[in-house]
Amino acid sequence: MIKRFAFLIALSMNLMGCSTFFGTPASNNHVELAKGVSVTLPTPAEFGSSVSVSQLINADWEGEAHTLPVHLEISSERVVLVGFSAWGTRLITATYQDGGIEEDALAGLGIVLPDSRQILMNLMIALWPVEAWAPHLKPIGWTLIEQDKHRILRDASGETVVEIQYDEPFRLGTVPAFIQYEHKQQHYRITINTLSPNGR
């Protein structure tokens, strides 16, 4: 997952400009959580409010750091995530609504862009209420625990897979100004800086 994510970020910093997009039909909301383990996503409405925010996603992986500007819109009907190049070119869009995820990506590069649903899932694990995730994680034996400024995602064996830190106590229906997402098993860290926290 992180290889695809880091590649998208690197691409955003080197793309010289191409505006042809290709789309994929909406597919179901099953997303790979780990090798051989998939999970269904909570609904957009379970976020609890509507927000529209701009963010900078920074990834540290294998000694390299990359930045991807994104725009995130959440309403009761849908979630839209748009990733941009450093020059403002739209690279990839993921739209989650009506129980399916539709992806649009920049075409004409002679390469395959990453699965944006992975980025969407990471954001939803960090932002959606723990209670919204519980019925989706229970069938696979995983748990998401929240304590003040901290979340822990554990697998079926009880091992910590992801740790999430916030800059302030988490409030439902809001987007914190700073989120740190660390994958303990794949050894990478993502930080998310929200330029307009809480949708303001």
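The values are calculated or read from the model by the stated rules, or taken from the named source; none is laboratory data. None of these values were measured; they are calculated from a predicted model. Cβ coordinates were reconstructed from backbone atoms using ideal geometry, including for glycine residues, and neighbour counts include every protein chain displayed.
Give I74, I57, I101 a once-over and let me know the one that is among the β-branched types (V, I, T) and farther than 20 Å from T174 by Cβ. Break it down into steps so the answer makes sense when it comes.
Working: I74 fails: farther than 20 Å from T174 by Cβ; I57 fails: farther than 20 Å from T174 by Cβ.
Criteria check complete, one pass: I101.
Report yes if E159 is exposed (fewer than 14 other Cβ atoms within 10 Å of the Cβ), more than 22 Å from P44 (Cβ to Cβ) and touching a residue at least 24 places away in the same chain (Cβ under 8 Å), otherwise no.
Yes.
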message: So R171 ticks every box in (1) out of contact with any Ser or Thr (no Cβ under 8 Å at 6 or more places or on another chain); (2) modelled with pLDDT of 85 or more; (3) part of a helix (DSSP H, G or I) but one. Which box is left unticked?
response: (3)
- line: Considering residues that are modelled with pLDDT under 85 and more than 15 Å from E102 (Cα to Cα), the number found within region 13-32 is 8
Residue under evaluation P129, criteria (1) within 17 Å of the chain's Cα centre (by Cα); (2) on the phi > 0 side of the Ramachandran plot; (3) not hydrophobic (A, V, I, L, M, F, W, C), criterion not met: (2)
message: Can you say whether T143 is modelled with pLDDT of 95 or more, surrounded by 14 or more Cβ atoms within 10 Å (Cβ to Cβ), of a type outside the set (D, E) and over 22 Å from I74 (Cβ atoms), as far as the supplied structure shows?
response: yes
- request: Would you please name the residue that is farthest from S50 (Cα to Cα), looking only at residues in region 174-188 that are at pLDDT below 90 and surrounded by 16 or more Cβ atoms within 10 Å (Cβ to Cβ)?
  value: Y188
field: Unmet requirement for K35, which otherwise passes all of (1) out of contact with any Pro (no Cβ under 9 Å at 6 or more places or on another chain); (2) of a type outside the set (S, T, Y); (3) modelled with pLDDT of 90 or more; (4) exposed (fewer than 14 other Cβ atoms within 10 Å of the Cβ)
entry: (3)
- line: Considering residues that are within 18 Å of the chain's Cα centre (by Cα) and in a loop (DSSP other than H, G, I, E, B), the number found within region 138-166 is 0
query: Which of (1) closer than 18 Å to I192 by Cα; (2) at pLDDT 85 or above; (3) surrounded by 15 or more Cβ atoms within 10 Å (Cβ to Cβ) does D60 not meet, given it meets every other one?
result: (2)
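Condition check: modelled with pLDDT under 85, buried (at least 16 other Cβ atoms within 10 Å of the Cβ) and farther than 21 Å from E102 by Cα. Does A10 satisfy that?
On the way: modelled with pLDDT under 85: yes; buried (at least 16 other Cβ atoms within 10 Å of the Cβ): no; farther than 21 Å from E102 by Cα: yes.
In short, no.
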statement: Within region 141-161, the residues that are in contact with a Phe, Trp or Tyr (Cβ under 8 Å, 6 or more places away or on another chain), farther than 18 Å from L172 by Cα and among the charged types (D, E, K, R) are R154, D155
